[in-house]
């Protein structure tokens, strides 16, 4: 590339994007259509430049960046614990998971221990959040394909999960409940009853969605053999999460590199081989059932004990201690004014988010603010397969494909 | 260290003059920019590191040599391993050979490197800005780029801030 | 509407007409689908069955700006998105109202940096600001009800 990169794709003449579109567009044979940032089905602000031959899609050029928030740079300007507040908003359907991976990175860097009760509650909340995220996916995906009532049912179930999250952290969505060293505070007494109640009613609800969609003739025609992703392509393009598992590669970070006690829970990783939209739908439905299974085991085995580490260099002391111990006051003062300072070095921590591998690369230079935080977000990487799987589909199928990769624009643009 | 990982690390050490470091159980290799494409090709082909997890950079301004470190992370699903690679770069307009031919998803990662850091990837088919607007000047994640925040409104700058919000009704 | 310009101020006739027109505008306000980020999820929750927004006449969200009267800016507006936002606002026909939902739309929210517009009132005129990060669906509904009260107090000449 020797010249200026194509400056204004918004009003680009054909010359500037010539390298991206096929020869037929230059001849005028095909139409270039802008599926703009605001559209009924783009799950957020995503702009797609479509090259169409009639109704068939020849090429898709995604244009992202409409939700770029500068979170990575902003986190460098805040202390570690204040930066944790911003982590919720990256993938806003998986808020607990974002906090989780950030805290795993900080704990790895600082060599901080996490008590077993905190680990178990982290697992429960992460799996609940996974179910909530898949419910939003299912609702919006079905809405795109025309099944509007599934949307209403999914959001009804989501209210149970949001009630549980609100019970723990005070906020429905952006709780920042998981902190380095454990949790913010212990779960209230109503937590266990609420979770058990949810586990009792939810499997029947998944059966309801199954009955509505899985054997539905229209749904089958619209999703089977659409958007086939081969396993070689998936690995080449670095795809992780349900799209990878639906193409036949059984890779789940919860099994491959378990964290926070996942090795003690018994669950299967759903995999299918067809790699089309229907396979991804089945994988995610099965993941919801497996999440219920994991939460059941975790809540049955929930140990007693503290929920935050005792390391006072990173975790503030309980307020009752401030009245009696001078060290507690000094630790409290240092944590509140300067913040904690992990040792110099860089680590990478990754979890399995509902969308794929969510990772944090954290580099510290010994100061109380992170020197560099990079978020390896699954949607940014998975988005690149959209041009690959949408060759030769109709425009209506393209809408289904955006939904099936399960893209959250906050994840893509950070 | 796992034996497969050990053999991969040893091969890279002798073939491409890589330096090994270990921190908190993670293995990292430091390579020179000229060697990175061949090293990635070896990792992808011979040692079965199929997935490129991430490719990003760290800016060490005002330190000039090196100013940037480009960080790669590759995963092997077959042997369940993860390996980090680091490439130091000097100067204000650095370039790095693109690994798009080895790992296809480096495409958007390297576009982000250009957009956020100004690091050009040689051999990249489509180097354009990806996250910032098309006509933006500057590379935001560099340390000498300001955060660009709005100051807290006191009485001395209240008018200046209000002028920026022309549509606010009383 | 032509009739508003021609009527001028005819006392009790315009008063009654105002009330009828405002009543009609309030109870059939069609929002435009402008969910950007996290607040969009809470807006969808408000639209769903638990906190039903269709009891306020907002059954359907219109994706096309030409067919909507209310723009709920739900989420953070980045510098790249701001011209698009202005363009969509200009494409909406009069009478139109804007609700800035959430902290990011009202004032930039948590994100005080180069990439986010510090308050959507840098770009479009806002009628109601709803605070929260994200605001609960009940808070959004409170914002909508406040907007309804504001609309009921409008004069017929405002949108002439």
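Looking at the stretch A:221-234, can you tell me whether even one residue there is within 21 Å of the chain's Cα centre (by Cα) and closer than 22 Å to residue A:407 by Cα?
Within the stretch A:221-234, one or more residues are within 21 Å of the chain's Cα centre (by Cα) and closer than 22 Å to residue A:407 by Cα.
Of all the helices (runs of 4 or more DSSP H) wholly in the stretch A:367-409, which have at least 1 residues that are surrounded by 22 or more Cβ atoms within 10 Å (Cβ to Cβ) and touching a strand residue (DSSP E or B) at 6+ places or on another chain (Cβ under 9 Å)?
A:378-382, A:395-405
Determine whether residue A:92 is in contact with a helix residue (DSSP H, G or I) (Cβ under 6 Å, 6 or more places away or on another chain), surrounded by 24 or more Cβ atoms within 10 Å (Cβ to Cβ), more than 14 Å from chain C (Cβ to nearest Cβ) and modelled with pLDDT of 90 or more.
Considered against the rule, which asks whether it is in contact with a helix residue (DSSP H, G or I) (Cβ under 6 Å, 6 or more places away or on another chain), surrounded by 24 or more Cβ atoms within 10 Å (Cβ to Cβ), more than 14 Å from chain C (Cβ to nearest Cβ) and modelled with pLDDT of 90 or more, residue A:92 comes out as no.
Only residues that are within 13 Å of chain C (Cβ to nearest Cβ) and farther than 25 Å from residue B:64 by Cα: list them for the stretch B:132-156, please.
B:132, B:133, B:134, B:135, B:149, B:150, B:151, B:152, B:153
In the list A:223, A:277, which residue meets the criterion of being farther than 26 Å from residue A:118 by Cβ, away from chain B (no Cβ under 13 Å) and at pLDDT below 90?
Answer to the check: A:223.
Residue-wise test of (1) without any contact (Cβ under 8 Å) to a residue 40 or more places away in the chain; (2) within 11 Å of another protein chain (Cβ to nearest Cβ); (3) within 18 Å of residue A:81 (Cα to Cα).
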residue	(1), (2), (3)
A:323	yes, no, no
A:331	yes, no, yes
A:357	no, yes, no
A:367	yes, no, yes
A:372	no, yes, yes
A:381	no, yes, no
A:385	no, yes, no
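Do we find a residue being more than 15 Å from the chain's Cα centre (by Cα), within 11 Å of another protein chain (Cβ to nearest Cβ) and surrounded by fewer than 17 Cβ atoms within 10 Å (Cβ to Cβ) anywhere in the stretch B:115-131?
The answer is yes, given that some residue of the stretch B:115-131 is more than 15 Å from the chain's Cα centre (by Cα), within 11 Å of another protein chain (Cβ to nearest Cβ) and surrounded by fewer than 17 Cβ atoms within 10 Å (Cβ to Cβ).
Is it the case, given these coordinates, that residue B:150 is in a loop (DSSP other than H, G, I, E, B) and closer than 30 Å to residue C:126 by Cβ?
Yes.
Regarding residue A:118, is this residue in a helix (DSSP H, G or I), more than 10 Å from every other protein chain (Cβ to nearest Cβ) and in contact with a helix residue (DSSP H, G or I) (Cβ under 7 Å, 6 or more places away or on another chain)?
no
Looking at the stretch A:49-67, which of the residues that are surrounded by fewer than 21 Cβ atoms within 10 Å (Cβ to Cβ) and assigned to a loop (DSSP other than H, G, I, E, B) is farthest from the other protein chains (Cβ to nearest Cβ)?
A:54
May I ask you to list the residues in the stretch A:170-203 that are more than 25 Å from residue C:41 (Cβ to Cβ) and not in a loop (DSSP other than H, G, I, E, B)?
A:182, A:192, A:193, A:196, A:200
Condition check: away from chain C (no Cβ under 14 Å), crowded, with 21+ Cβ neighbours inside 10 Å and out of contact with any strand residue (DSSP E or B) (no Cβ under 7 Å at 6 or more places or on another chain). Does residue B:99 satisfy that?
So residue B:99 fits the description; yes.
Take residues that are away from chain B (no Cβ under 14 Å) and crowded, with 18+ Cβ neighbours inside 10 Å and tell me which of the helices (runs of 4 or more DSSP H) falling wholly in the stretch C:62-160 contain 3 or more.
C:137-152
Across the stretch A:107-139, which residue is surrounded by the fewest Cβ atoms within 10 Å (Cβ to Cβ) among those that are in contact with a strand residue (DSSP E or B) (Cβ under 7 Å, 6 or more places away or on another chain) and within 22 Å of residue A:342 (Cβ to Cβ)?
A:115
State yes or no: is residue A:101 part of a helix (DSSP H, G or I), touching a strand residue (DSSP E or B) at 6+ places or on another chain (Cβ under 8 Å) and more than 14 Å from chain C (Cβ to nearest Cβ)?
yes
Quick one: would you say residue A:132 is over 23 Å from residue A:408 (Cα atoms) and part of a helix (DSSP H, G or I)?
No: the conditions fail for residue A:132.
Across the stretch A:314-332, what is the number of residues that are surrounded by fewer than 16 Cβ atoms within 10 Å (Cβ to Cβ), touching a helix residue (DSSP H, G or I) at 6+ places or on another chain (Cβ under 7 Å) and either closer than 26 Å to residue A:369 by Cβ or modelled with pLDDT of 90 or more (or both)?
Summing the residues that are surrounded by fewer than 16 Cβ atoms within 10 Å (Cβ to Cβ), touching a helix residue (DSSP H, G or I) at 6+ places or on another chain (Cβ under 7 Å) and either closer than 26 Å to residue A:369 by Cβ or modelled with pLDDT of 90 or more (or both) in the stretch A:314-332 gives 2.
Being touching a helix residue (DSSP H, G or I) at 6+ places or on another chain (Cβ under 7 Å) and assigned to a loop (DSSP other than H, G, I, E, B) is the filter here; which residues of the stretch A:135-169 pass it?
A:147 - this is the single residue of the stretch A:135-169 that is touching a helix residue (DSSP H, G or I) at 6+ places or on another chain (Cβ under 7 Å) and assigned to a loop (DSSP other than H, G, I, E, B).
State which residue is farthest from residue A:174 (Cα to Cα) when the search covers only the stretch A:31-48 and only residues that are within 13 Å of another protein chain (Cβ to nearest Cβ) and in a strand (DSSP E or B).
Residue satisfying both the conditions and the ranking: A:34.
The values are calculated or read from the model by the stated rules, or taken from the named source; none is laboratory data. Remember, it's a predicted structure, so these values are computed and weren't measured experimentally. Note: ideal-geometry Cβ built from the backbone for every residue, glycine included; neighbour counts use all protein chains shown.
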